[in-house]
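Data block below; observations after.
The values are calculated or read from the model by the stated rules, or taken from the named source; none is laboratory data. Keep in mind the model is a prediction, meaning the values are calculated, not measured. Cβ sites come from the backbone with ideal geometry, for glycine too, and all protein chains shown count toward neighbours. With ligands, DNA and RNA removed, areas are computed over all heavy atoms of the protein, side chains included. Shrake-Rupley method; radii C 1.70, N 1.55, O 1.52, S 1.80 Å.
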Amino acid sequence: MSNVGELPVANRRLTEFEALVAAAPSVLDAIPGAVYLCDHEGCLVRYNEQAATLWGRTPRLNDPKERFCGSHRLFLLDGTPLDHADCPMADAVRNGTDTCNTEVVVERPDGSRLIALVNIRALKDHRGQIQGAINCFQDVSAYKAMERQVLRQAQDLEDFFENSAVGLHIVNCEGTIVRANKAELELLGYTAEEYIGRQIREFHVDAAVIGDILHRLSRGEKLDRRAARLRAKDGSIKHVLVTSSSRIEDGKFVNTRCITTDMTNLHEAENRRRESEERLAATYEAATIGIAEADASGHLLRVNDALCKMLGRSREELLTMTFFDYTDPADRAEDAALYARQTTGEIDSYVIRKRARRADGSTAYLDVYSSSVRDSTRRFRHGVRVLQDVTEAKRAEDRLRESERHMRELLEALPAAVYTTDAAGRITFHNKAAVEMAGRVPCEGDEWCVTWRLYRPDGSPLPHEECPMAIALKEDRPVRGAEAIAERPDGTRVPFIPYPTPLHDTDGKLIGAINMLVDITERKQAESRQRTLIDELNHRVKNTLATVQSLAAQTARHADGLQDFVRRFEARLLALAKAHDLLTKRHWEDAPLDTLVQEVVAPFAGEGMGRLQMDGPPVHLNARTALNLAMALNELATNAAKYGSLSCETGALSVKWHLGEQAGATKLELAWEERNGPIVKLPVRRGFGTNLIERCIGRDMNGELEMAYDPQGLRCRIAIPAVGPRRV
Amino acid sequence: MNALRGLKVLVVEDEGSVALLIEDMLQELGCEVVASVARLNPACEIAAFADLDLALLDVNLAGTLVFPVARILQERRVSFVFSTGYGASGLPDEFRNHVTVSKPFSIEDLARAIAAARLDPGEPYSPKKA
């Protein structure tokens, strides 16, 4: 200020610096903004109120410590501290450099900061010497904050655009792609260079579609999820939905922002679903098995042709019914109970064979496979029922069962023991005759044979696993000609012939065997009887021949010449033959005494009545007694005919017998009495005939013989021990 | 024939007429018939106690078999000959190989059988080891 006072200034034009320094303080304060001046050394020489307000302080003027700026501290916008000596004002004072719209951060002594927009001009004298500088600055903090927010929002938008999961692009009014985000590029497989700058039309498959899209957009219409097809770089077609709106400025179409949503996967899934549904529908209708869908109460929701045909009912009719309606009442409860359990989720599915009523009243047998369709929460949605008409199969099964029953009845009725086994030999069936023969009911798990124990014909034990049935099964062949003996639990034995025969299914696989056991007890007995009979016959023939031999020899020895021999031998042979005849008639069991007497004696008595008297109870003679008695009676009769009462016409013969007790034993007593014949004399010599009688009665029969040579007639008493009541 | 002279013989034969023939044959061969019986019991008694050189045994005595007599004779080492209508097949194992004369037979058959029995009186039977 001293300079101002020293120099006369009246005629000299003031420099800008001098003028500003000289200006009244009010002038500086009137300036709308903060202003301060520094001299050529940088000292603050003037500042206005606004500057002091922004600085938050009032620095002293012309103080060498207050140089270049009145602020407390300075920073660059990035926060770097800025020394006052390096600030733009210092540059202006030292180098004359002006600063235009530079921003620095001013910190007040209280720590608060503001951004100052700084404009500096160096002030020079007339010769161009730097006299100082003026700094006009203003607080632009609020503006800067707004600017930062706008920037951040722009960045957010940019980021959103670029990193959005959906494809985005912007097309200008010429239809050229000006921007496209990553998702859009990835969707189609192009790089930014290959996509951006090209016509959007080039990427659309359907020209009409993009034409329409662009037309609409140019008119300001919005597009919402318009379906379109885009061609990807690899040639594949992408199904997309385009959502788009136009930006119109001043009534002029500027560009359009498009959102491209990739629907390809969804589209493919949809195609697959449709195909599968079509396939299912085709199957549903073409199936030869019935298919129905029903709700939880059994109402039919859908039925196929096969089911309609099966039930003889129209689709329209069935769709008004529940599946219980056509079910036979006898099967309804069971089906309903199972379906209820299925709808509640207690069971997933079930199978039932039931009778169904056709429209014509006939009955169909159906095999039903019922299952459920459930939603993702396992809740019942509807029942799916697959039905097969098994009426024919059922009939065939019934026929088979009937024929099986028939066969069983047949087997049951057979008088032979019959049983069957499975392929492993376990008994599966046996008839009553088998139980009778085995003397037991076969136990569960019995194998090979119904019998209790088995023996071979020689009596050695035969294990069941080696029996003919076991062989038939193990070797898969019928066994014939075997013989075995079954022992019953009560110890009795039955000889039998088994007829084990393997059974095969239609494929020829062994499924078991059937065995018939034929009881041959009677045959065995008959065989044994026959053998005995043959032995006995042989024995008798040989003995008879020996007897004949003896008779011939003895008769020859005592005969009076050949004629006598022939007569006597013939008579003895005939007596023997008659006894044989009688015995043969009764199977050699016995011969009646009266007939024997009649047969042997009568021929000697002639045809005349009254000469032979016979009397006695019926008595049966066994073979031995009959033969011996026949021989004895023959000798007596021969003698009577030659010497006794039968030798003349007046003579008579009485043969009487009775069964009497003697010393506690029963005896047959037979009395031979001759009358009215020639006078009987004692025989001169004992003949062979008498000898033979004695042999027959005494020696062979253990009997007694008494001969009384009464002159009136021969009397003979024969006593033979009885072997039973009326049997001798 | 002389070899048989004086032999004391027991005849067991259930049929009287056949016994008569046999007795005649034996007498013709010079034998002495000590007894001729038709039943088992008297036959056993005589076989056990009588002074015998030989016995002729009918196998079947009215349904009873003569073998008890044969065993007694075997014990006493008395020769015997079976006479039978059955042939050898009717004999049990113990006598399977014994001398047998099959009815009807001639006097020569009888003489041969007696001679054979005299040569081989037969050991008491002992069952072969099983």
Of everything in segment A:521-537 that's closer than 17 Å to B:THR84 by Cβ and among the charged types (D, E, K, R), which residue is nearest to the other protein chains (Cβ to nearest Cβ)? A:ASP535
Only residues that are among the aliphatic types (A, V, I, L, M) and in a loop (DSSP other than H, G, I, E, B): list them for segment B:25-50, please. B:LEU29, B:ALA38, B:ALA50
Considering only segment A:84-100, I want to know if a residue exists there that is touching a residue at least 60 places away in the same chain (Cβ under 8 Å) and either over 30 Å from A:ARG148 (Cβ atoms) or buried (at least 19 other Cβ atoms within 10 Å of the Cβ) (or both). no
Restricting the search to segment A:372-403, which residues are in a loop (DSSP other than H, G, I, E, B) and under 16 Å from A:GLY290 (Cα atoms)? A:VAL390
Within segment A:670-719, which residues are β-branched (Val, Ile, Thr) and either surrounded by 23 or more Cβ atoms within 10 Å (Cβ to Cβ) or in contact with a helix residue (DSSP H, G or I) (Cβ under 6 Å, 6 or more places away or on another chain) (or both)? A:ILE693, A:ILE697, A:ILE718
B:ILE22 vs (1) out of contact with any helix residue (DSSP H, G or I) (no Cβ under 6 Å at 6 or more places or on another chain); (2) in a helix (DSSP H, G or I); (3) without any contact (Cβ under 8 Å) to a residue 60 or more places away in the chain: all pass except (3)
Going residue by residue through segment A:143-163, is there one that turns out to be assigned to a strand (DSSP E or B), farther than 28 Å from A:PHE17 by Cβ and over 60 Å from the mean Cα position of the chain (by Cα)? no
Answer yes if at least one residue in segment A:613-626 is in a helix (DSSP H, G or I) and free of Cβ contacts under 8 Å to residues at least 60 places away in the same chain, and no otherwise. yes
Away from chain B (no Cβ under 14 Å), β-branched (Val, Ile, Thr), open to solvent by 40 Å² or more (accessible area, probe 1.4 Å) and part of a strand (DSSP E or B): does that describe A:THR666? yes
Using the structure shown, decide if B:PHE95 is within 24 Å of A:ARG624 (Cα to Cα) and of a type outside the set (D, E, K, R). no
Being among the charged types (D, E, K, R) and away from every other protein chain (no Cβ under 12 Å) is the filter here, so list the residues in segment A:538-596 that pass it. A:ASP560, A:ASP564, A:ARG567, A:ARG568, A:GLU570, A:LYS578, A:ASP581, A:LYS585, A:ARG586, A:GLU589, A:ASP590, A:ASP594
Is it true that some residue in segment A:128-136 is farther than 18 Å from A:VAL106 by Cα, over 60 Å from the mean Cα position of the chain (by Cα) and modelled with pLDDT under 90? yes
Which of the residues spanning segment A:191-204 are touching a residue at least 24 places away in the same chain (Cβ under 8 Å) and open to solvent by 40 Å² or more (accessible area, probe 1.4 Å)? A:GLU194, A:GLN199, A:ARG201
Considering only segment A:594-604, I want to know if a residue exists there that is out of contact with any strand residue (DSSP E or B) (no Cβ under 8 Å at 6 or more places or on another chain), in contact (Cβ under 8 Å) with a residue 40 or more places away in the chain and open to solvent by less than 40 Å² (accessible area, probe 1.4 Å). no
Do you know which residues across segment A:290-304 are in contact (Cβ under 8 Å) with a residue 40 or more places away in the chain, in contact with an Asp or Glu (Cβ under 8 Å, 6 or more places away or on another chain) and either among the aliphatic types (A, V, I, L, M) or assigned to a loop (DSSP other than H, G, I, E, B) (or both)? A:LEU301
Residue check for A:ALA671: among the small types (Gly, Ala, Ser) and in contact (Cβ under 8 Å) with a residue 12 or more places away in the chain: yes
Starting from residues that are among the small types (Gly, Ala, Ser) and touching a Leu at 6+ places or on another chain (Cβ under 8 Å), keep the ones in segment A:123-165 and report whichever is most open to solvent (accessible area, probe 1.4 Å). A:SER141
Spot the failing condition for A:ARG355; the list is (1) among the basic types (Lys, Arg); (2) open to solvent by less than 30 Å² (accessible area, probe 1.4 Å); (3) in contact with a helix residue (DSSP H, G or I) (Cβ under 6 Å, 6 or more places away or on another chain), and only one is missed. (2)
Matching residues, segment B:72-116, being within 10 Å of chain A (Cβ to nearest Cβ) and not basic (Lys, Arg): B:SER83, B:THR84, B:GLY85, B:TYR86, B:GLY87, B:SER89, B:GLY90, B:SER102, B:PRO104, B:PHE105, B:SER106, B:ILE107
For segment A:205-235, which positions are farther than 17 Å from A:ARG257 by Cα and open to solvent by 30 Å² or more (accessible area, probe 1.4 Å)? A:VAL205, A:ASP206, A:ALA207, A:ALA208, A:ARG229, A:ARG231, A:LYS233, A:ASP234, A:GLY235
Residues that are open to solvent by 50 Å² or more (accessible area, probe 1.4 Å) and in contact with a helix residue (DSSP H, G or I) (Cβ under 8 Å, 6 or more places away or on another chain), at least 1 per element: which strands (runs of 3 or more DSSP E) completely within segment A:451-565 meet that? A:510-519
Residue satisfying condition, being of a type in the set (S, T, N, Q), surrounded by 14 or more Cβ atoms within 10 Å (Cβ to Cβ) and touching a strand residue (DSSP E or B) at 6+ places or on another chain (Cβ under 7 Å), within set A:SER297, A:SER372: A:SER372
I want to confirm something. Restricting to segment B:4-19 and keeping residues that are open to solvent by less than 10 Å² (accessible area, probe 1.4 Å) and part of a strand (DSSP E or B), which single residue is farthest from the other protein chains (Cβ to nearest Cβ)? B:VAL9
If you go through A:LEU61, A:LEU54, the only one that is open to solvent by less than 90 Å² (accessible area, probe 1.4 Å), within 28 Å of A:ARG148 (Cβ to Cβ) and not polar (S, T, N, Q) is A:LEU54
Within segment B:20-55, take every residue that is in contact with a strand residue (DSSP E or B) (Cβ under 6 Å, 6 or more places away or on another chain) and small (Gly, Ala, Ser) and give me the one that is nearest to the other protein chains (Cβ to nearest Cβ). B:SER36
Just one of A:ARG247, A:ARG273 is open to solvent by 70 Å² or more (accessible area, probe 1.4 Å), of a type outside the set (Ser, Thr, Tyr) and either under 30 Å from A:SER218 (Cα atoms) or part of a strand (DSSP E or B) (or both); which is it? A:ARG247
